[in-house]
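The values are calculated or read from the model by the stated rules, or taken from the named source; none is laboratory data. Just so it is clear, the model here is predicted, and its values are computed rather than measured. Note that we place each Cβ from the backbone using ideal geometry, even for glycine, and neighbour counts take in every protein chain shown. Protein only, heavy atoms only, side chains kept; ligands, DNA and RNA dropped before computing areas. Shrake-Rupley method; radii C 1.70, N 1.55, O 1.52, S 1.80 Å.
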Amino acid sequence: MPAHGLTRRRFLQSSAAFAALSALPACSLVSASRDNGMWEYHLSAEPSTASLVPDHQTDVLAFNGKIPAPTIRCRQGEPVTIHFTNNLNEPTTIHWHGLRIPIEMDGVPFLSQAPIQPGETFTYRFTPPDAGTFWYHPHMNSVVQLGKGLVGTIVVEEASPVVFDEEHVLMLKHWHLNPQGQWKDLAIPRYSARMGTPGEWGTVNGVHQPKYELQENATTRLRLANVDNTLTYPIQVRGADAWIVAIDGNPIATPRRLEEHKIAPGMRLDIGLVAPKAGANVEIMYMKGRFPFLLASFTTTPSTLVEKPLPALPLNPVATPDLANAETRHFVFEWAGAITPADKQGKGKHEFWLMNKRAWEGMSKGNIPEPIATLERGKTYIFDLKNVTQYHHPIHLHGHTFTVLEMDGKPVTPFHTDTVLLGKNGHAKAAFVADNPGRWMYHCHVIEHMKTGLMGFVEVV
Ligand code: C2O
Ligand code: CU
Ligand code: CU
């Protein structure tokens with residue numbers, strides 16, 4: 001473990017890197033065009049096939065027909081336009097997870113927009129205020145739409161560019177497939193009532209244990225996004241000194257050494273490292289109990305790069321909570337195993353989870369449930385989150401970014417996040433300024449948990 005001085009030195013802002021960036025072309029854009037300062041994309045959701053298990057084809061739902069989905073790149077403070085076409089045979093909407101954008105663009109059916117019907121196009125336009133690693137996914141029929149492949153990343157570059165020699169997006173997802181690439185159940189009620197139904201085929205960017213390359217000495221930024229419906233990945237890196245530089249897209253004030261970090265569904269982790277000498281292997285490990293599982297590996301190749309410190313990331317412009325005048329709101333997450341009587345289709349509706357004694361009622365046109373909390377615009381709130389269950393819950397709020405103050409009764413160095421992971425019987429305090437008016441979903445990101453009760457919305461008026 002290096003001394004603190006070393007830590008700081010390694011993260012000194014490198015103005016040389018800044019200069020190098022301006023020489024780079026607007027690079028690595030996947031199907032983007034940036035005209036007149038405008039980032040513009042065409043995105044569609046459609047049935048497709050993919051070879052996830054080698055030598056087998058799987059019917060998937062995919063953005064632009066491809067697994068992995070295109071990474072949408074744009075820049076902090078610059079408008080982006082995404083023309084989205086629904087080529088599925090069911091309605092959908094697209095949500096931009098972690099972005100603090102106006103409610104009309106949040107992509108929640110009924111609450112913020114009408115469902116986009118098959119064949120329809122809806123244009124999303126927004127200007128991301130924060131830089132970092134975010135992601136996008138439908139907010140309808142989520143067990144199936146996300147489970148079968150509709151998950152993608154959105155990378156928001158810093159307003160004043162921060163350059164790493166190498167940057168890789170790693171989307172983590174386990175697919176509910178058998179060894180022949182055929183679908184198994186995406187949600188099994190007895191698991192939905194517990195940790196959720198895990199997929200069995202582990203992939204990164206849709207590939208099982210992909211192998212990538214890194215140039216030796218490259219300052220490297222790995223953008224990990226957990227786009228899985230269910231699994232939490234405790235992450236370790238082997239073969240290099242790895243640093244946590246951002247959590248859920250949001251840079252942390254002082255990077256810290258990555259020993260092990262849990263990325264729950266919906267969450268992200270940006271890792272900074274300097275690639276070791278050529279011929280080495282850097283491995284991203286999923287510390288699954290006593291049986292660590294290799295997610296992806298990087299082989300280092302010879303290069304002319306000289307070793308230098310990692311560039312520092314500026315903090316995101318999230319409003320500082322006014323703790324002296326904050327109001328605390330309490331939320332208790334409970335288990336309530338129950339299957340309500342069969343509905344018209346003869347299917348039982350499962351309600352396994354409660355937020356403040358309430359299970360999500362579902363919504364439809366003209367039928368929006370009551371908010372779980374009504375907040376006053378501009379005011380600071382402390383959300384006191386209590387998990388009284390044996391399972392963990394990553395609690396996510398749309399349209400705002402939390403500043404976490406306390407975890408399990410202990411103060412933490414405050415950090416920004418859109419999702420707070422509560423461990424079993426975990427407790428957290430997270431503050432934010434309710435500065436974005438609208439009705440914002442507030443839910444557990446274990447998709448089966450949100451679908452069986454752990455969901456609600458807060459209204460900022
Ligand atoms: Cu990833 Cu309601 O969101
Ligand atoms: Cu979200
Ligand atoms: Cu949960």
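When the helix-only estimate is applied to the chain (DSSP H runs of n ≥ 4, each -39,500 (n - 2.57), divided by the residue count), what is the mean residue ellipticity at 222 nm, nearest 500 deg cm²/dmol? Let's see the in-between values first.
On the way: 5 runs with 31 residues, N = 461.
Dividing the helical sum by the residues of the chain leaves -1500 deg cm²/dmol.
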Requested in this report: Based on the mean of other Cβ atoms within 10 Å per residue, sort peptides 353-364, 129-140, 425-436 so the most packed one is first.
Outcome: 129-140, 425-436, 353-364
Query raised in the report: By per-residue mean of other Cβ atoms within 10 Å, what is the highest-first order of 265-271, 365-371, 387-393?
Result: 265-271, 387-393, 365-371
Requested in this report: With a point put 7 Å past each Cα toward its Cβ, work out how far LYS211 is from ALA114 in nm, to one decimal.
Outcome: 5.3 nm
Requested in this report: Two decimals is fine: what is log10 I(q)/I(0) at q = 0.13 Å⁻¹ for the range 160-310, from a Debye sum with one equal scatterer on every Cα and no solvent?
Outcome: -0.61
Query raised in the report: When the accessible area of the range 42-102 is computed with all protein chains present and a 1.4 Å probe, what percentage of it is carbon and sulfur?
Result: 48 percent
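Could you give the alpha-carbon Rg of the chain over 2.2 N^0.38 Å, rounded to two decimals?
Details: Rg = 21.4 Å, N = 461, 2.2 N^0.38 = 22.6 Å.
Ratio of Cα Rg to 2.2 N^0.38 Å: 0.94.
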Report task. Please work out the ratio of the alpha-carbon Rg of the range 251-398 to 2.2 N^0.38 Å and round it to two decimals. Result -> 1.55
Query raised in the report: All other residues with a Cβ under 14 Å from the Cβ of PRO118 taken together, and with Lys, Arg as +1 and Asp, Glu as -1, what is their net charge?
Result: -3
Report summary line: Straight-line reach check, LYS349, cutoff 26 Å on alpha carbons, 8 or more apart in-chain or any other chain, hits among lysines -> LYS148, LYS184, LYS357, LYS365, LYS386, LYS424, LYS451
Query raised in the report: Can you list the residues of the range 121-162 with backbone N under 16 Å from a point 7 Å past the Cα of THR81, pointing along Cα to Cβ?
Result: 121-128
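Please work out the average accessible area per residue across the chain, using the 1.4 Å probe convention, and give it in Å². Working shown, then result.
Working: 18710 Å² over 461 residues.
Computed with neighbouring chains in place, this is 41 Å² per residue.
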Query - Relative contact order %, the chain, counting alpha carbon pairs below 8 Å whose residues are six or more apart - result: 14 percent
Query raised in the report: Straight-line reach from LYS308: which aspartates and glutamates have a Cα under 17 Å away, not including same-chain ones fewer than 8 places off?
Result: ASP165, GLU166, GLU167, GLU216, ASP241
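Give me the extension gain from THR328 to THR299: residue separation times 0.36 nm, minus the current Cα-Cα distance, reported in nm with one decimal.
Going from the current span to full extension adds 5.6 nm.
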Query raised in the report: Which distance in Å, rounded to a whole number, links the C-alpha centroids of the range 37-96 and the range 243-308?
Result: 26 Å
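Going by the alpha-carbon gyration tensor, a ≥ b ≥ c the square roots of its eigenvalues, is the range 419-461 rounded (a/c under 1.5) or, if a/c is not under 1.5, prolate (a/b greater than b/c) versus oblate? Intermediate values should be presented prior to the final figure.
Details: a/c = 3.13, a/b = 1.34, b/c = 2.34.
Because a/c hits 1.5 or more and a/b fails to exceed b/c, the range 419-461 counts as oblate.
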Report task. With a 1.4 Å probe and every protein chain kept in, tell me what percent of the accessible surface of the range 237-287 is carbon plus sulfur. Result -> 44 percent
